[in-house]
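First up is the structure itself, then whatever we jot down about it.
The values are calculated or read from the model by the stated rules, or taken from the named source; none is laboratory data. Predicted model only: the values in this text are computed from it and were never measured. Glycine gets a Cβ as well: all are built from the backbone with ideal geometry, and neighbour counts include every protein chain shown. Accessible surface areas use protein heavy atoms only, side chains included; no ligands, DNA or RNA. Shrake-Rupley method; radii C 1.70, N 1.55, O 1.52, S 1.80 Å.
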Amino acid sequence: MEKMGFRFIVFVLAISFLSTPVISDLILSKVERKIDLTSQIVRISSSLKVENEGPNVVSEVLLSFPDFQVKKMAHMVVSLVEGKGKSKGSSINLPAQVVHPDGMPPALTLYSVSLPKGLSKGESLTLEVFAVYTHSLQPFPEEITQADIQLVVYQDSAYFLSPYKVKFQSLNVKLPSSRVESFTKLENSKLVESELKYGPYEGLPPFSYSPVVVHYENNRPFAVAQELVREIEISHWGNVQVTEHYKVAHGGALNKGGFSRLDYQARPQVRGVSSFQRLIAKLPRGAHSIYYRDEIGNISTSHVWGDSRKTVLEIEPRFPIFGGWRTAFTIGYGLPLEDFLFASEGKRFLNFSYGSPMEDLVVDNLIMKVVLPEGSKDISVSVPFGVKQQEEVKYSNLDILGRPVVLLEKNNVVPEHNQYFQVYYRFNSLSLLMEPLMLICGFLFLFITCIAYMHADFSISKSSASYLAKLQLDEVQATIQQFQNIMNRCLAVHDKLDASLRDLSRTGDVQACKAVRKLAISLLKDLSKDMKPLLIFLQSSPQAAQIWTKVEDLVGKEKEMEEKLMLKHSIVVEGYEKKYGGREIENRVAPHQQKLTSLRQEVDDLLEIIDEFC
């Protein structure tokens, strides 16, 4: 039925082409086509030398494709090659969009390629057209046994289908092996080892079409992901977690006659040549915490190795995959945040690769989910090709409003879609403290509740001197614990302020460093207000007389440490603003750093003494 449908399309095209008018004065002086049939994905590279023989300036070039090919086209790139001959240089990608000019055959789809500048009379240029097709190889026979090889059929035209006259053209078809059952024999056609050549052909009129059929052996893995869901979860605490859910099938000839594990293990290259037992994924460098599992549990048949540029994961399903068989599994891994999250113009953006990391995998439906931190807003996306975009919300541990999720969906995805896309958003750094503060408050409430319960006195008499003294001592100890908590929070702010200087030396972002200082000053001021009533109570309490001197000394040391740290921060920031050298900045802060180190040791010693009192 498919062959009959193909012949009918060719017949309709042939009838339509006879009455199609010439649409411009452009001609193709030379066309070189290369078709790669070595895998399940068909890749066609066409080099077109375009000349203008008319008097008018031409600003666009039309490319024509049969509708049955366009339906299976996954990717197309048209580029303008600069230079000529051996001096060919870089190429520029050109926009192409579908157009519907009058008088064109109904079974064709035409793309208009806009040129960067008009092509005048007598001028020429070279276009490179690269197209990728999926599901274009039809198994024939459609069912085979475990021991049979897989034969497929590919259909195309020996002539380049174009609305322009073609002076000279040739076609090379690269096959995975030299075993070819049959191919359409035309004038100037020959098979040389694993390469099929048609042409050269000269002086062909517009819309010339000569169907060719190649029936050959192809045992490469026909791995097709019927659905792939990739979830990228961003954590500003330093990690990007990637989880990929695969539903994979063998898209080749269906297996018939059952499966023998014994025969397969004895001679896998003969009794399972058309199957695939492993998939290879090229993960980004720095991938860690890698796992591979399915609905049953972890799968141990996987191997990982890598270098400074990439990490390679080789996985094996629980059973070899023959034609028509399916399997589902999940892989996950973590990535360092600094390699994929960047800042630009007040926004943060994720720079990640679309597509699948699996080699030679065709994805019928790919859903990419980017989970942003809670509190993200002003979200925008930049993708180098068309996708369907949606937004949703995901709730995780300790979330209140939920995390925004950007959903990018695309059908018919091939390895050529493994291009970087960006997700931009705004995020307030203070939001990072929301969940830790929730935990702190929760534990603080729990501890206070426990303390209150443990110190509750259910006895009848509460007027004895020893009982009152114990109450006062307990109150002093509780106050000292609160004082220690506030002091530790002050020291944590000091550490964060000091860490901002290290970030400044690494990134050079002076404004971010100043923002951290401003936040630190505000936090320290609030903590000082919280500490004041505690100090007043301890100073007035007789039970705290023996520890009050240490508390007073600790407060003084902390204030002195805060002043020195602010001075050091100002010196370093001033040095970066005035573009001092790193050595000069270190020399200027060295005396202050020595004093800070000494003060920190004294503060830690005093904290230990006060802790023993409690």
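Please go through the range 355-372 and pick out each residue that is under 30 Å from ILE41 (Cβ atoms), out of contact with any helix residue (DSSP H, G or I) (no Cβ under 6 Å at 6 or more places or on another chain), open to solvent by less than 60 Å² (accessible area, probe 1.4 Å) and part of a loop (DSSP other than H, G, I, E, B).
Going through the range 355-372, the residues under 30 Å from ILE41 (Cβ atoms) turn out to be 355-370.
If we keep only those that are out of contact with any helix residue (DSSP H, G or I) (no Cβ under 6 Å at 6 or more places or on another chain) too, we end up with 356-370.
Okay, now just the ones that are also open to solvent by less than 60 Å² (accessible area, probe 1.4 Å), so 356-358, 360-370.
Answer for the range 355-372, where residues must be under 30 Å from ILE41 (Cβ atoms), out of contact with any helix residue (DSSP H, G or I) (no Cβ under 6 Å at 6 or more places or on another chain), open to solvent by less than 60 Å² (accessible area, probe 1.4 Å) and part of a loop (DSSP other than H, G, I, E, B): SER356, PRO357, ASP360, LEU361.
Being touching a helix residue (DSSP H, G or I) at 6+ places or on another chain (Cβ under 7 Å), open to solvent by less than 50 Å² (accessible area, probe 1.4 Å) and not in a loop (DSSP other than H, G, I, E, B) is a description that does not apply to VAL248. Restricting attention to the range 313-344, the residues that are within 16 Å of the chain's Cα centre (by Cα) and either assigned to a loop (DSSP other than H, G, I, E, B) or more than 30 Å from PHE427 (Cβ to Cβ) (or both) total 1.
Being more than 30 Å from ALA223 (Cα to Cα), of a type in the set (Gly, Ala, Ser) and open to solvent by less than 20 Å² (accessible area, probe 1.4 Å): is that true of GLY375 here? Here the answer is no, as GLY375 does not meet what is asked.
Residue selection: GLU392 fails the criterion of being under 16 Å from the mean Cα position of the chain (by Cα), of a type in the set (Asp, Glu) and in a strand (DSSP E or B). Within the range 367-377, the set of residues being out of contact with any Ser or Thr (no Cβ under 8 Å at 6 or more places or on another chain) and within 11 Å of ASN428 (Cβ to Cβ) comprises SER376, LYS377. Only a single item in (1) in contact (Cβ under 8 Å) with a residue 12 or more places away in the chain; (2) part of a loop (DSSP other than H, G, I, E, B) is not met by ASP102, and it is number (1). The set of residues in the range 28-82 that are over 23 Å from VAL173 (Cβ atoms) and either at pLDDT 95 or above or open to solvent by less than 10 Å² (accessible area, probe 1.4 Å) (or both) comprises VAL50, ASN52, GLY54, VAL61. Is one or more of the residues making up the range 406-414 among the acidic types (Asp, Glu) and open to solvent by 40 Å² or more (accessible area, probe 1.4 Å)? Yes, that holds for at least one residue.
Taking first residues from the range 584-598 that are in contact (Cβ under 8 Å) with a residue 24 or more places away in the chain and part of a helix (DSSP H, G or I) and partners that are open to solvent by less than 70 Å² (accessible area, probe 1.4 Å) and hydrophobic (A, V, I, L, M, F, W, C), the Cβ contacts under 9 Å between residues at least 6 apart in sequence or on separate chains come to HIS592/LEU565; HIS592/ILE571; LYS595/MET561; LEU596/MET561; LEU596/LEU565.
Of everything in the range 168-207, what is within 23 Å of THR109 (Cα to Cα) and assigned to a strand (DSSP E or B)? Give them in sequence order. Show your work before the answer.
Step one: filter the range 168-207 for residues within 23 Å of THR109 (Cα to Cα), giving 169-171, 204-207.
Once the filter is applied, which keeps residues that are within 23 Å of THR109 (Cα to Cα) and assigned to a strand (DSSP E or B), the range 168-207 yields GLN169, SER170, LEU171, LEU204.
Yes/no per residue for (1) at pLDDT below 90; (2) open to solvent by less than 40 Å² (accessible area, probe 1.4 Å); (3) on the phi > 0 side of the Ramachandran plot:
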| site | (1), (2), (3) |
| --- | --- |
| ASP263 | yes, no, no |
| GLN269 | yes, no, no |
| SER274 | yes, yes, no |
| ILE299 | yes, yes, no |
| VAL304 | no, no, no |
| LYS310 | yes, no, no |
| THR327 | no, yes, no |
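For the range 510-556, the tally of residues that are among the polar types (S, T, N, Q), in a helix (DSSP H, G or I), touching a helix residue (DSSP H, G or I) at 6+ places or on another chain (Cβ under 7 Å) and surrounded by 14 or more Cβ atoms within 10 Å (Cβ to Cβ) stands at 1. Only residues that are of a type outside the set (Gly, Ala, Ser) and either over 30 Å from PHE276 (Cα atoms) or open to solvent by 50 Å² or more (accessible area, probe 1.4 Å) (or both) were counted across the range 188-245, and they come to 29.
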